[in-house]
Amino acid sequence: MFPRLKYLVHACGDHDRQLIISGVIMAIICVALYINLIIMLTKRSSDQNTISIRNGTKNMTTSSPIISTKTLSNDKRKYKNYSLPNHLPYETRYGESLGNSIHINILQLIDINGYISQLHLRLFTNWEGNASLYIFIPETSFSSLMNRVHRYPVEPQRNTTEWQIIPIPLYAVPVSLGKYLGIGMLDCTKTNQIYIVNNTGSFTARNLTHNTSQINLDIDRTKGFAIGFSVAQYVKKLSN
């Protein structure tokens, strides 16, 4: 009888040890799965707020423009962001000069009435000199009298070739349905350049100066430029 009892006690001990080991393994697996889930959710949230820039040799990500949601006392302000698709490839061998020219992306046709709230751009070279970079709002898509083109000077950040956001004062640059936004300079420069975005289209006007009377825009259906912007649209609140 005693040998039998000793065997049962030993067998129960082995069984308990196996249960404990199995429980520990399951706990480790559950913790690992939980950590992996947290990492995936964090990465997904981060990816939704970045813009991927493919340059042929490596992928870089920069923070996407932050769109404000401030409100006025009697009006509700809505924002619309105008950017090129993320998958378009960037030209990395050379940039496009901003001197004596205006550059517009065809895909960024404005379809609301409002005001420019932010300008987004990525320079190919560090900004140099004291000449102004302008926002231009041409009268039409192909030809405009210079005295009927709204323009507003902005100052890019220096010593950076990453995406940058330039805030625009409220009401400074009004836009309306069917308009385009362009950027460029009326001064000569060989150093101030912007990134070219391939596989899209653009309008460009060249040989512009402070004395130019008319802007004529030419179409290039093979490339665009690293330009984006946000428009603040105002919608009157309905009274109760």
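Things worth noting here:
- Residue within the stretch 113-122 that is open to solvent by 40 Å² or more (accessible area, probe 1.4 Å), more than 18 Å from ALA205 (Cβ to Cβ) and either touching a residue at least 40 places away in the same chain (Cβ under 8 Å) or in contact with a helix residue (DSSP H, G or I) (Cβ under 7 Å, 6 or more places away or on another chain) (or both) present: yes
- Residue count, the stretch 91-113 (criterion: assigned to a strand (DSSP E or B) and either among the polar types (S, T, N, Q) or at pLDDT below 95 (or both)): 3
- Sole residue being out of contact with any Asp or Glu (no Cβ under 7 Å at 6 or more places or on another chain), of a type in the set (D, E, K, R) and buried (at least 17 other Cβ atoms within 10 Å of the Cβ), chosen from LYS179, LYS190: LYS179
- Residue count for the stretch 198-216 satisfying the condition of being under 26 Å from the mean Cα position of the chain (by Cα), assigned to a strand (DSSP E or B) and surrounded by 15 or more Cβ atoms within 10 Å (Cβ to Cβ): 4.
- Where a residue in the stretch 128-142 is within 18 Å of VAL231 (Cβ to Cβ) and its partner, wherever it lies, is in a loop (DSSP other than H, G, I, E, B) and open to solvent by 30 Å² or more (accessible area, probe 1.4 Å), with Cβ under 8 Å and at least six apart: ILE137/LYS179; PRO138/LYS179
- For the stretch 223-234, the count of residues that are open to solvent by less than 50 Å² (accessible area, probe 1.4 Å) and more than 22 Å from the chain's Cα centre (by Cα) is zero.
- Test: residue in the stretch 130-145 that is among the small types (Gly, Ala, Ser), part of a loop (DSSP other than H, G, I, E, B) and in contact with a Ser or Thr (Cβ under 9 Å, 6 or more places away or on another chain): yes
- Of the residues making up the stretch 147-163, those that are in a strand (DSSP E or B) and out of contact with any Lys or Arg (no Cβ under 7 Å at 6 or more places or on another chain) number 5.
The values are calculated or read from the model by the stated rules, or taken from the named source; none is laboratory data. Bear in mind the structure is a predicted one, so any value in this text is a computation, not a measurement. All Cβ positions, even for glycine, are placed from backbone atoms using ideal geometry, and neighbour counts span all protein chains on display. Ligands, DNA and RNA are excluded from the accessible area calculation, which covers all protein heavy atoms including side chains. Shrake-Rupley method; radii C 1.70, N 1.55, O 1.52, S 1.80 Å.
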